Amino acid sequence: MKTIVTMPGDGIGKTVLPEAIRVLTAAGFNANYIHADIGWEFWCKEGNALPKRTIEILEKHKIGLFGAITSKPNFAALQELDSSLKDKGYVYFSPIVGLRQYFDLDICIRPCKSIKGNPLNFIRRDHEGFEEPHINAVIFRQNTEGLYSGIEWTNPPKIVRDAFETHPKMKSFKNIKNEDLAISTRIVTRNACRRIIREAFEYAKNYGYSNVTICEKPNVLRETSGMMLQEGKLIAKEFPGIQLWDTNIDAQMMWITKNPEIYGVIVAENMFGDIISDGFAGLVGGLGFACSANIGKDVAIFEPTHGSAPKYQELDPPIVNPIAMILSACMMLDHIDEHQISSKIRNAISKVIIEGKIRTFDMLKLKGGADVFAKGAASTFQLTDEIIKNLSN
């Protein structure tokens, strides 16, 4: 029996993760679930949103399901730290980013596939009226480097400033005082580029995609984006049946609302991958349908890409859409070769959406609040119940 580490985290993570487990159990997946602490509560009480005990549990069991995290800027985080811990050098750092870096979960996979019947699917006007293109894009986001590497300074140390001053472009900032200067670095390494691009091509080959797109900005970010594109062109030679496309992130965000159905697998650095995956998610129903996997050589963690949405946490019954969390659990099943169960769950979700009788507030395009039930919205629990009912249909 598999052991799965469950990390509900903050806000609605505590709502949707148990719903995913309900579906997994009803679909016939037998597992041992072990809770692990993570999130804002542990930052406030312990000065660490990612306690060492959680890392140790994941080191042992390798597979995790994660809910959602509340993250705030460091100055705001310090204000909420327990008074006994203040002024002791604690610095807030996103625990999910910490997990990715600690376990080298460098491959982030974010499928964005439209489900027939979803009222939130992207539609566009054509010469005859309106059409709804079928979208089936999968974003491969480099998960540990780029702008999310965490190497940045406000009021940089002299040694850092001196190093940057060796670059001729720093002449524009020579009169800026150190305390008025903030620096973030975008670091890309060749091996990490090769690994994620190769994984993207292998995925395209295995699942029948005809193209892989490198989505970067090499015309401006000549070194970092340039390295991604250079390695993409080299690796593409090993996959003659798959076309290599390259786009600039800004233009790509325009094109996804013109012809999103032409894109298959897309590869990008951390920040650009985050942007493009949220853009595609908006075309297939929004963050309530956006699932993801964080995969390393030894450990894998699966999570919805929505945030903790604390304004919805206290609503009883809950109103949030659990499908992103359930689809993330399906990605976990695929990772451990439980494909039959994952297909069974995805089919049940599709049946519920096509039937259209049970929809949460987001699918009805309502503003979230306790009044959504009076307007016809289903609760989180009702939607889960409907998915479970359709597992056997």
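If a residue counts only when it is within 22 Å of Val16 (Cα to Cα), which strands (runs of 3 or more DSSP E) contained entirely in region 252-311 have at least 3 such residues? Lay out the reasoning, then the answer.
Working: elements: 265-268, 291-295, 300-304.
So the answer is 291-295, 300-304.
Restricting to region 338-354, and then to whatever is hydroxyl-bearing (Ser, Thr, Tyr) and either buried (at least 22 other Cβ atoms within 10 Å of the Cβ) or more than 23 Å from Leu364 (Cβ to Cβ) (or both), can you tell me which residue is nearest to the chain's Cα centre (by Cα)?
In the first step, residues of region 338-354 are kept if they are hydroxyl-bearing (Ser, Thr, Tyr); the result is 342-343, 350.
Next cut, either buried (at least 22 other Cβ atoms within 10 Å of the Cβ) or more than 23 Å from Leu364 (Cβ to Cβ) (or both) only: 342-343.
On the way: Ser342: 19, Ser343: 21 Å.
Among residues in region 338-354 that are hydroxyl-bearing (Ser, Thr, Tyr) and either buried (at least 22 other Cβ atoms within 10 Å of the Cβ) or more than 23 Å from Leu364 (Cβ to Cβ) (or both), the one nearest to the chain's Cα centre (by Cα) is Ser342.
Here's the yes/no breakdown for (1) in a helix (DSSP H, G or I); (2) in contact with a strand residue (DSSP E or B) (Cβ under 6 Å, 6 or more places away or on another chain); (3) polar (S, T, N, Q):
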residue	(1), (2), (3)
Pro318	no, no, no
Asn321	no, no, yes
Met325	yes, yes, no
Met332	yes, yes, no
Ser342	yes, no, yes
Arg346	yes, no, no
Ser350	yes, no, yes
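I'd like to check something: does region 39-62 contain any residue that is assigned to a loop (DSSP other than H, G, I, E, B), among the charged types (D, E, K, R) and more than 19 Å from Ile336 (Cα to Cα)? So that I can check it myself, show each step before the final result.
Narrowing region 39-62 to residues assigned to a loop (DSSP other than H, G, I, E, B): 39, 47-51, 62.
From what's left, among the charged types (D, E, K, R): 62.
The next check asks that each one be more than 19 Å from Ile336 (Cα to Cα); those that pass are none.
No, region 39-62 contains no residue that is assigned to a loop (DSSP other than H, G, I, E, B), among the charged types (D, E, K, R) and more than 19 Å from Ile336 (Cα to Cα).
What is the number of the single condition among (1) among the hydrophobic types (A, V, I, L, M, F, W, C); (2) surrounded by fewer than 23 Cβ atoms within 10 Å (Cβ to Cβ); (3) closer than 12 Å to Gln313 by Cβ that Ile12 does not meet?
Unmet for Ile12, out of (1) among the hydrophobic types (A, V, I, L, M, F, W, C); (2) surrounded by fewer than 23 Cβ atoms within 10 Å (Cβ to Cβ); (3) closer than 12 Å to Gln313 by Cβ: (2).
Do we find that Glu303 is in contact with a helix residue (DSSP H, G or I) (Cβ under 9 Å, 6 or more places away or on another chain) and either buried (at least 22 other Cβ atoms within 10 Å of the Cβ) or over 16 Å from Met7 (Cα atoms) (or both) in this structure?
Here the answer is yes, as Glu303 does meet what is asked.
Looking at Cys112, Cys108, can you tell me which residue is surrounded by 16 or more Cβ atoms within 10 Å (Cβ to Cβ), in a strand (DSSP E or B), touching a helix residue (DSSP H, G or I) at 6+ places or on another chain (Cβ under 6 Å) and at pLDDT 95 or above?
On the way: Cys108 fails: touching a helix residue (DSSP H, G or I) at 6+ places or on another chain (Cβ under 6 Å).
The conditions single out Cys112.
I want to confirm something. Restricting to region 126-147 and keeping residues that are within 18 Å of Ile266 (Cα to Cα) and of a type in the set (Gly, Ala, Ser), which single residue is modelled with the highest pLDDT?
Ala137
Among the listed residues Ile183, Ile159, Ile197, identify the single one that is closer than 23 Å to Ala293 by Cα and either assigned to a helix (DSSP H, G or I) or modelled with pLDDT of 95 or more (or both). Lay out the reasoning, then the answer.
Values: Ile183 fails: closer than 23 Å to Ala293 by Cα; Ile159 fails: closer than 23 Å to Ala293 by Cα.
So the residue among Ile183, Ile159, Ile197 that is closer than 23 Å to Ala293 by Cα and either assigned to a helix (DSSP H, G or I) or modelled with pLDDT of 95 or more (or both) is Ile197.
The values are calculated or read from the model by the stated rules, or taken from the named source; none is laboratory data. Predicted model, so just to flag it, every value in this text is computed and none were measured. So basically every Cβ, Gly included, is an ideal-geometry build from the backbone, and we count neighbours across all protein chains shown.
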